[in-house]
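Remarks on the structure that follows.
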Amino acid sequence: MNEIFLNFPDNRLKNSLTNDILLKSNSLEYHKTLEEYAETPLYDLKNLSRELNVGKIYVKDESKRFNLNAFKGLGASYAVHKALSLYPNISVFCTATDGNHGRAVAWSAAKHNKKAVIYVPKQTTDARIKAIADHGSEVIQLDLNYEDTCQYASNISKKMNWTLIQDTSWINYEEIPAYIMSGYLTHLREMEDSINTLNNPDIDIIFLQCGVGSWPATCIWYYINRYFKKKPKIVLVEPDESSGVLQSLLSNKRITPKGNLNTIMAGLNCGIPSMSGWEIIKNGCDAAISISDEYAKKAIRTLYYPIKDDERVISGESGAAGLGGLIKCLEVNKFNVLREHIGLNSKSKILFINTEGNTDPENFKSIISSN
Ligand SMILES: Cc1ncc(COP(=O)(O)O)c(C=O)c1O
């Protein structure tokens, strides 16, 4: 099975520490104080929407965020800021990452003149390691997968009295991940003058790429809180080979996914979903699908080679996965039931978020040149 549909429940989200922290977020106000802050662009790809026979395709381009080539700085900077306001004597931050989050933690720690120790799993490429190390942090590659690298970073942080800034939560580790999620709210609030309009959204469907699920859960939380039953339909997209959320939804419990963890979508190549992200996702997404690497590549090329005067968007393997999911939904015949379930038709206004640029430049070059 590589798809599932869900019915939106009648109840609002449960009270939890994560919910409380998200409700109190002032991330947009905080981010505006940073010298690198600028609202990221929202493009309307008019010609692509005509070509795909849908109403609108909007893309919010987070590759432009804080000169970090990915959205992850939103979460890490807010969590580091919150941690330091609670415990000003912190000297070392630590995290596990498949690339983007680690770079964001390294950047955030350096802003406060703090040390960062960043652990990466065995499949992380040299380009991603260098991008993290360039912010002055120590990067250590382990012979482990992502999930086990998280466990390692958690254990060593406890032992060394470092502060773990992890973008996924588990039992007794919820507060920092919730600050990270609160930081992600910034890019959603930036769209309140354009498509996240008051009372009713000016979009019908959102495709969100999913790793551990913290980021898509934040988006779901935002749309449920702002619009409740009038929220846009939300479709989650994961790699075929690493689909922790889809497999958890199919099993009705949070599980480590089966699969060979072999995908070019490095940022989505995670294990078990985040505990607090899972609670939100299972109550608020409308469908989840998985895609092969070929769809991610197709989406990268679609954005890189725009039609007529559409904007060119530089999108990495994970950043383009949302569009890859839309393309698959439109192309695959047997997805007709899914299309009906989410109301995907020639009038649909669709949003996806380009969560990263060419974070692995060599791979990006080879994808765009094999047209
Ligand atoms: C580029 C990119 N997009 C999306 C995601 C998904 O976020 P999450 O792991 O919170 O589901 C990630 C995670 O690292 C990422 O790097």
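Give me the angle, in degrees from 0 to 90, between the Cα long axis of helix 100-111 and the longest principal axis of the Cα atoms of the chain, rounded to the nearest 10. It is inclined by approximately 50 degrees. Axis of helix 175-189 versus longest Cα principal axis of the chain: the two differ by about 40°, to the nearest ten degrees.
May I ask you to give the average projected area over all directions of the convex hull of the Cα atoms of the stretch 73-177, in nm² rounded to one decimal?
5.8 nm²
Toward the positive end of the charge dipole of the chain, with +1 on the Cβ of Lys and Arg and -1 on the Cβ of Asp and Glu, the farthest Cα among Ser274, Gly357, Leu22 is that of Leu22. Between Lys229 and Asn252, the C-beta separation translates, for a Förster distance of 30 Å, into a calculated FRET efficiency of about 0.85. The angle between the Cα long axis of helix 146-160 and the longest principal axis of the Cα atoms of the chain comes to about 30 degrees, rounded to the nearest 10. Which of rounded, prolate or oblate describes the stretch 34-117 when judged by the alpha-carbon gyration tensor and an a/c cut-off of 1.5? Prolate shape, in that a/c is at least 1.5 and a/b is the bigger ratio. In whole angstrom, the chain maps to an equivalent ellipsoid with semi-axes of 30, 22, 21, each derived as √(5λ) from the alpha carbon gyration tensor and ordered largest first. When shorter helices are ignored and each DSSP H run of at least 4 residues is given -39500 (n - 2.57), the per-residue value for the chain at 222 nm works out to -12500 deg cm²/dmol.
Ranking Leu261, Leu303, Leu323 by how far each Cα lies toward the positive end of the dipole of the stretch 258-338 (charges on Cβ) leaves Leu261 at the top. Where both partners of a DSSP beta bridge lie in the chain, what percent of those bridges are antiparallel, to the nearest 5? Bridges in the chain are about 20 percent antiparallel. Dipole size of the chain about its Cα centre, with +1 on Lys/Arg Cβ and -1 on Asp/Glu Cβ: approximately 540 debye, rounded to the nearest 20.
I need the peptides 293-306, 199-212, 30-43 ranked by packing, meaning the mean over residues of other C-beta atoms within 10 angstrom, with the highest value on top. Intermediate values should be presented prior to the final figure.
Details: 293-306: 20.4, 199-212: 22.9, 30-43: 14.9.
With the highest mean Cβ count within 10 Å placed first, the list reads 199-212, 293-306, 30-43.
In this Cβ point-charge picture (+1 for Lys and Arg, -1 for Asp and Glu), the stretch 73-177 has a dipole of about 360 debye about its Cα centre. Since only Ile90, Tyr119, Ala133 are under comparison, the one whose Cα sits farthest along the positive direction of the charge dipole of the stretch 73-177, derived from C-beta charges on Lys, Arg, Asp and Glu, is Ile90. Residue order for Lys111, Lys158, fewest other beta carbons within 10 angstrom first, comes to Lys158, Lys111.
Taking 0.36 nm per residue of separation and subtracting the Cα-Cα distance, full extension of the segment from Ser194 to Leu17 would add 60.7 nm.
Values in this text are rule-based calculations from the coordinates and carry no lab data. This structure is a prediction, so every number in the text was calculated from the model and none was measured. Backbone-built Cβ (ideal geometry, glycine too); neighbour counts: all protein chains shown.
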